[in-house]
Amino acid sequence: MVVYDHDSGAVRYSMALLTIGYEGSEIGDFVSVLKAAKIDILIDVRDLPLSRKAGFSKNSLKKHLENSAIEYQHAKILGDPKEGRLAARAGDRRRFERIFRSHIANEAAKKTIGEISAQSETKNICLMCFERDHKDCHRSIICEEILKNRNTAIKHLRVPKGFCLKAA
C-alpha cells in the first residue's frame, strides 16, 4: 500500500516488504527503481554477493547505494546454497525448494528472518537477489516465512529498461 506522509511530503510503502532481482538490469536503472520506491535498506540475500554484471558485486553495489542514501546489508545466512542454485538451474523446482527450506530451518536463519520482519515495520526494506522474476528465486520463500509471523503486503519490484531517473 502506498501512503503519502503529509508532514514530510514522502510517499512510502506502508506495511510492505519489497523484493527485487537485478537480472538484465543496469546499475543506474536498478538504483533509480529503489529510490523511486523510497527504499531505506536493501538486503542482499545472495549466498555469494558477487556478480559478473558491473555494479552488482557487494562493494560496488554498496557504494552505489550509499551515494543514494540507501543502506546495504548482506544476509548470507539467507543465501541459496550451491546445491539449491544447481537444482534451480537444472529446472528442478521441487528439489530447489526442499534444499532451501532445509537450509533456513535453523535458529540463525529464523532469527535473521525475524530481524528483517521487525526492520520492515519502521523502514522500507527490499530483499535483493539475481533473478528478475521472484517466482524463480528463493526470495519468494523468504517472504513466505515472513508472512507466517506477520501480516504484511509483499511487493515485487522490476527494473524497466531505461528507468534511470534524470537529475533535475
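The values are calculated or read from the model by the stated rules, or taken from the named source; none is laboratory data. It should be emphasised that the depicted structure is a prediction, and the values quoted were computed from it without experimental measurement. Counting neighbours? That spans all protein chains shown, and the Cβs are built from the backbone with ideal geometry, glycine included.
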query: In the set 63, 82, which member is touching an Asp or Glu at 6+ places or on another chain (Cβ under 9 Å) and more than 17 Å from residue 21 (Cα to Cα)?
result: 82
Test result for residue 96, surrounded by 20 or more Cβ atoms within 10 Å (Cβ to Cβ), more than 17 Å from residue 19 (Cα to Cα) and modelled with pLDDT of 95 or more: yes
query: Are any residues in the stretch 17-34 at pLDDT below 95 and touching a Ser or Thr at 6+ places or on another chain (Cβ under 6 Å), and if so, which ones?
result: 17
- request: Would you tally the residues in the stretch 65-92 being more than 17 Å from the chain's Cα centre (by Cα) and over 26 Å from residue 114 (Cβ atoms)?
  value: 7
message: Take residue 152 and tell me if it is hydroxyl-bearing (Ser, Thr, Tyr) and modelled with pLDDT of 95 or more.
response: no
message: Just to be sure I understand the filter: pairs with C-beta atoms under 6 Å, separated by 6 or more residues or on different chains, first member in the stretch 57-77 and among the basic types (Lys, Arg), second member surrounded by 13 or more Cβ atoms within 10 Å (Cβ to Cβ). Which pairs pass?
response: 58/49; 62/72
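Every residue, every condition in (1) surrounded by 20 or more Cβ atoms within 10 Å (Cβ to Cβ); (2) more than 27 Å from residue 16 (Cβ to Cβ); (3) in contact (Cβ under 8 Å) with a residue 40 or more places away in the chain, yes or no:
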| site | (1), (2), (3) |
| --- | --- |
| 90 | no, yes, no |
| 105 | no, no, no |
| 116 | yes, no, yes |
| 119 | no, no, yes |
